[in-house]
Amino acid sequence: MGNQLESPLQRQPGSRHGRYRQFLLGLALAAAACGPAAQSPGPAAGPGEWLEFEGSWNAAGSRHSIPLGEGRAGSIVDLKGSLLLKGPGRPGVGFQSEVIGLVDSATGFQGRSVWTDERGDQVYSELKGEGTAAKNHVTGTVLSGTGRYAGVTGSYEFSWQWVMEGEEGAIHGRAVDMKGRVQPGPAAGGSRR
């Protein structure tokens, strides 16, 4: 999730204040577009059944890069943002997300993520990506969770786009075409809550 993933059309000129305002406006529009979540319990998942979902993910944070020789760079990224899921199989509606990761322009991206819902329950996942401008595909493996997500497993995928890069390593990006599936753990009683 380093410079290598940036689309040339994603950089936006302007002052730091203007970019911050654009970022906040984008988050507000994303939240407004989703509207209130339906409170229906959703479909029950039987033993071994998978529940599918789609989503949107916006995050901002920082990146620190170092050169690794001619044409190669390494970066560490630290991102925080919001994750909104839709579909009858979603494990939850909205989460605060945090990602830390290492990008090597020659080998790709390795990271870890935690999603925290409104109750404080969390979902943990491992991220791997191709890490180049031409191949920015990222896959996530759901490792487990806490509370109602205890024992959950699954996977998801998306393409990452850098929306804005600011001064001193400030970054903002978003997931495109995010989709996945989960299998509830025993804590969920075999159904999505």
- State which residue is surrounded by the most Cβ atoms within 10 Å (Cβ to Cβ) when the search covers only region 93-142 and only residues that are in a loop (DSSP other than H, G, I, E, B) and in contact (Cβ under 8 Å) with a residue 60 or more places away in the chain. 131
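Can you spot a residue in region 145-155 that is in a strand (DSSP E or B), open to solvent by less than 40 Å² (accessible area, probe 1.4 Å), β-branched (Val, Ile, Thr) and under 20 Å from residue 96 (Cα atoms)? Working first, answer last.
As a first pass, look at region 145-155 and keep what is in a strand (DSSP E or B): 145, 153-155.
Those left that are additionally open to solvent by less than 40 Å² (accessible area, probe 1.4 Å): 145, 154.
Still in the running and β-branched (Val, Ile, Thr): none.
For region 145-155, residues in a strand (DSSP E or B), open to solvent by less than 40 Å² (accessible area, probe 1.4 Å), β-branched (Val, Ile, Thr) and under 20 Å from residue 96 (Cα atoms): absent.
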- Task: Determine if region 121-138 includes at least one residue that is among the basic types (Lys, Arg) and modelled with pLDDT of 95 or more.
- Result: yes
- Query: For region 157-180, does any single residue satisfy the condition of being free of Cβ contacts under 8 Å to residues at least 60 places away in the same chain, in contact with a Leu (Cβ under 7 Å, 6 or more places away or on another chain), within 18 Å of residue 53 (Cβ to Cβ) and open to solvent by 20 Å² or more (accessible area, probe 1.4 Å)?
  - Reply: no
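Could you tell me how many of the residues in region 54-73 are in contact (Cβ under 8 Å) with a residue 40 or more places away in the chain and either of a type in the set (S, T, N, Q) or open to solvent by 10 Å² or more (accessible area, probe 1.4 Å) (or both)?
Step one: of region 54-73, the residues in contact (Cβ under 8 Å) with a residue 40 or more places away in the chain are 54-65, 73.
If we keep only those that are either of a type in the set (S, T, N, Q) or open to solvent by 10 Å² or more (accessible area, probe 1.4 Å) (or both) as well, we get 54-56, 58, 60-65, 73.
Residues meeting the conditions: 11.
The values are calculated or read from the model by the stated rules, or taken from the named source; none is laboratory data. These numbers were taken from a predicted model, which means no experiment stands behind them. All Cβ positions, glycine included, derive from the backbone under ideal geometry; neighbour counts span all protein chains shown. Protein only, heavy atoms only, side chains kept; ligands, DNA and RNA dropped before computing areas. Shrake-Rupley method; radii C 1.70, N 1.55, O 1.52, S 1.80 Å.
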